[in-house]
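The values are calculated or read from the model by the stated rules, or taken from the named source; none is laboratory data. Just so it is clear, the model here is predicted, and its values are computed rather than measured. In this analysis, Cβ positions are derived from the backbone assuming ideal geometry, glycine residues included, and neighbour counts consider all displayed protein chains. Ligands, DNA and RNA are stripped out before the accessible areas are found, and what is left, the full protein with its side chains, is counted by its heavy atoms. Shrake-Rupley method; radii C 1.70, N 1.55, O 1.52, S 1.80 Å.
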Amino acid sequence: MAFEDTFKKLVSHCKEYGYVFPSSEIYDGLSAVYDYGQYGAELKYNIRKYWWDSMVLLNRNIVGIDAAIFMHPTVWKASGHVDAFNDPLIDNRDSKKRYRADVLIEEHMEKIEEKISREIQKAQVKFGEAFDEAKFRSTNNRVLELQAKLDEIHLRYSRAMKGNDLEELRRIIIDNDIVCPISGTRNWTDVRQFNLMFSTEMGSTADGANRIYLRPETAQGIFVNFLNVQKSGRMKIPFGIAQVGKAFRNEIVARQFLFRMREFEQMEMQFFVTPGSELEWYNYWKEKRMKWHLALGFGPENYRFHDHEKLAHYANAACDIEFKFPIGFKEVEGIHSRTDFDLKSHQQFSGKKIQYFDPETNKSFIPYVIETSIGLDRMFLQVISAAYCEEELTKEDGSKDMRVVLRLPSALAPVKLAVLPLIRKDGLPEIAEKIADDLKFDFNCQYDDKDSIGRRYRRQDAIGTPYCITVDHQTLNDQTVTIRYRDSMLQERVPVSGLRDIISEKVSLKTLLKEL
Ligand code: GAP
């Protein structure tokens, strides 16, 4: 199945099963803004908790805060966002559509890469076992030609991005015949910088309103509170401050569902270290964060690091953790060694000394910072796209059936178990309701007695419920029920009295956290 199809199916599944809805849908939606439904909100909460606990519970030297979205406007001057939080945009005069020039070029390069992959796949089929990919790449004329083209664009593109050369970005687009996907024409405007921050006004106009910004990242709320937290918590370096909260960006290219949104949530942690030790800590956090992803069990082959070629002016190392989404390998988290840029800049703009006094050396210094920054919504998309699965089943009579199942990690699943009476009589519903009522204090539990048992199982599979408990006539005699496992669809008989322990073990976040 083409990855666009998988993606479309995912979007419609999320809507049909109460995970994600377009914002203000009755008014035809608002571009790149989404609402989480009844199951989406639970899944998002569980991912947030997995992140928060892994930072704040598991590390004695990391504490969490919750800073306001509105901040003093000078914060964004000091952070560089007012002057430099820009994307290079280009308009097509015929379609009147606006694009990010860098994205147009990157997508063009991806297309060339896909062409190379297709040539390789064709040759693989043709030569079978004897196929030598390295040799093919270095001798096949078509592949060599495509690779040379790709290398040339890549070189020009990296130089233009590093040097902020907007004219060169435009020339790359023209020279490579990149057309507008809507109008199909090359009628492009110049490339201009576009600031991504949303602004609004605080206070009434009569009072003299102040222009303020909706924060484009949560990190600055941590930097401006560095001294407050360090002093009130008597924190000793190295230590970290974690935060989860909304961020806003007026993205030019806001497609791809939850991948690039205009309102989204970030989970960020700033780790303050002694200058000179930052690269050691950078590597430490790279490994830690990858472990956090891998513990979810989606397979190491679906993750990779991508080192940044173009470092921001304040960074001395940076990489992304990329996940293989249905739209290809894409960034889900950034790990950045930000030097002392932010604290130093806030010290300068605020006129307040922002330094750490080291009692061991009797010296004060501005700490260096390692940042881990992950989008909660993007992580949600990662989890749901890795979990979505269409399976062909063979029924007892040999006929084929289909099921859609969300293979969510049990600790993240919105509903942990569904309690289902086999039929709606003979006292079975009463027993099932009692079981659900007993377990509701421990787990998110559903009771369902509508439709056939098979249809109810399918409904729970589609929302990713890992366990279904069925109450049948045998329950009346021996107080046992069947537990059905979502992934294997196997069923076992277990005593009602043992349910809490059996399920706790399987769905507890603790089990996941212990792997870290
Ligand atoms: N404080 C550093 C920072 O904000 P970033 O790479 O711009 O770095 C960090 O963003 C993470 O936030 C990204 O890896 C991504 O997961 C998420 N993110 C950024 N822009 C986003 C958007 N428009 N929609 C959804 N998630 C986004």
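With angles folded into 0 to 90 degrees, how steeply does helix 3-16 sit against the dominant principal axis of the chain? Use alpha carbons for both and round to 10.
60
What angle, in degrees between 0 and 90 and rounded to the nearest 10, separates the Cα long axis of helix 141-162 from the longest principal axis of the Cα atoms of the chain?
It is inclined by approximately 60 degrees.
Provide the per residue accessible area, probe 1.4 Å, for the stretch 397-513, rounded to a whole number of square angstrom.
Values: 5470 Å² over 117 residues.
Roughly 47 Å² per residue, with all protein chains present.
Which parts of the stretch 107-126 would a label at residue 151 reach, counting a residue when its backbone N lies under 16 Å from a point 7 Å out along Cα-to-Cβ?
So the set is 113, 116.
With +1 on the Cβ of every Lys and Arg and -1 on the Cβ of every Asp and Glu, and nothing else charged, how large is the dipole of the stretch 397-513 about its Cα centre, in debye rounded to the nearest 20? If you can, show how the numbers build up before the last one.
Details: 19 positive and 18 negative charges, 95 e Å.
Dipole about the Cα centre, nearest 20: 460 debye.
How many lysine pairs does the stretch 397-513 hold where the Cα atoms are under 29 Å apart and the two sit 8 or more places apart or on different chains?
Lysine pairs meeting the criterion: 18.
Normalising by the residue count of the chain, find the relative contact order in percent from Cα pairs under 8 Å and 6+ residues apart.
Values: 854 pairs, mean separation 70.0, N = 516.
Rounded, it is 14 percent for the chain.
How many nm is it between the label spots at residue 309 and residue 58, if each spot is 7 Å from the Cα in line with the beta carbon?
Roughly 3.4 nm, to one decimal.
Among 445, 357, 37, flag the residue with its Cα farthest along the positive direction of the charge dipole of the chain, charges on Cβ as +1 for Lys/Arg and -1 for Asp/Glu.
The residue sitting farthest along the positive end of the dipole is 357.
Where the accessible area of the chain is counted over protein heavy atoms with a 1.4 Å probe, how much of it, in %, is carbon and sulfur? Mind showing how you got there, number by number?
Numbers: 12790 of 25930 Å².
On the chain, the fraction of accessible area on carbon and sulfur atoms equals 49 percent.
With charges set only on the Cβ (+1 for Lys and Arg, -1 for Asp and Glu), what does the dipole of the chain come to about its Cα centre, in debye to the nearest 20? Could you put the intermediate results ahead of the total?
Details: 74 positive and 78 negative charges, 140 e Å.
Taking the Cα centre of the chain as origin, the dipole is about 680 debye.
If you fit an axis through the alpha-carbon atoms of helix 376-387 and take the longest principal axis of the Cα set of the chain, what angle between them do you get, 0 to 90°, nearest 10?
50
Can you work out the accessible area per residue across the stretch 226-346, with the rest of the protein chains kept in place, probe 1.4 Å, in square angstrom? Don't jump to the answer; show the numbers that get you there.
On the way: 4890 Å² over 121 residues.
Here the per-residue accessible area is 40 Å².
Counting only C-alpha contacts under 8 Å and six or more residues apart, can you give the relative contact order of the stretch 87-194 as a whole percent? Mind showing how you got there, number by number?
Details: 106 pairs, mean separation 49.9, N = 108.
Relative contact order here is 46 percent.
Taking all pairs of distinct Cα atoms, average 1/r, flip it, and tell me the Kirkwood hydrodynamic radius of the chain in Å to one decimal place.
Working: mean 1/r = 0.0380 Å⁻¹.
Mean inverse Cα-Cα distance, inverted, gives 26.3 Å.
With a 1.4 Å probe and all protein chains in place, put 468, 445 in order of accessible area, largest first. Kindly include the intermediate steps, with their values, before the conclusion.
Values: 468 0, 445 30 Å².
Ranking 468, 445 by accessible area, largest first, yields 445, 468.
Which Cα, out of 146, 173, 134, lies furthest along the positive dipole direction of the stretch 87-194 (beta carbon charges, K/R +1, D/E -1)?
Of 146, 173, 134, it is 173.
Only Cα pairs under 8 Å and at least 6 apart count here; give the relative contact order of the stretch 21-172 as a rounded whole percent.
Values: 74 pairs, mean separation 18.7, N = 152.
Reported relative contact order: 12 percent.
I want to check the label-to-label distance for residue 96 and residue 127. Put each point 7 Å from Cα in the C-beta direction and report it in nm to one decimal.
5.3
With +1 on the Cβ of every Lys and Arg and -1 on the Cβ of every Asp and Glu, and nothing else charged, how large is the dipole of the stretch 87-194 about its Cα centre, in debye rounded to the nearest 20?
Once rounded to the nearest 20, the dipole reads 260 debye.
Could you work out how far apart the two model spin labels at residue 497 and residue 158 are, taking each label as a point 7 Å from the Cα in the direction of the beta carbon, and quote it in nm?
The two pseudo-label positions are separated by 6.8 nm.
For residue 111, which lysines qualify as cross-link partners when the Cα separation must be under 28 Å and same-chain residues fewer than eight apart are set aside?
Within reach: 8, 9, 96, 97, 122, 126, 135, 149, 162, 310, 324, 330.
Could you let me know the centre-to-centre spacing of the stretch 58-87 and the stretch 222-285, using Cα atoms, in angstrom?
So the separation of the two Cα centres works out to 8 Å.
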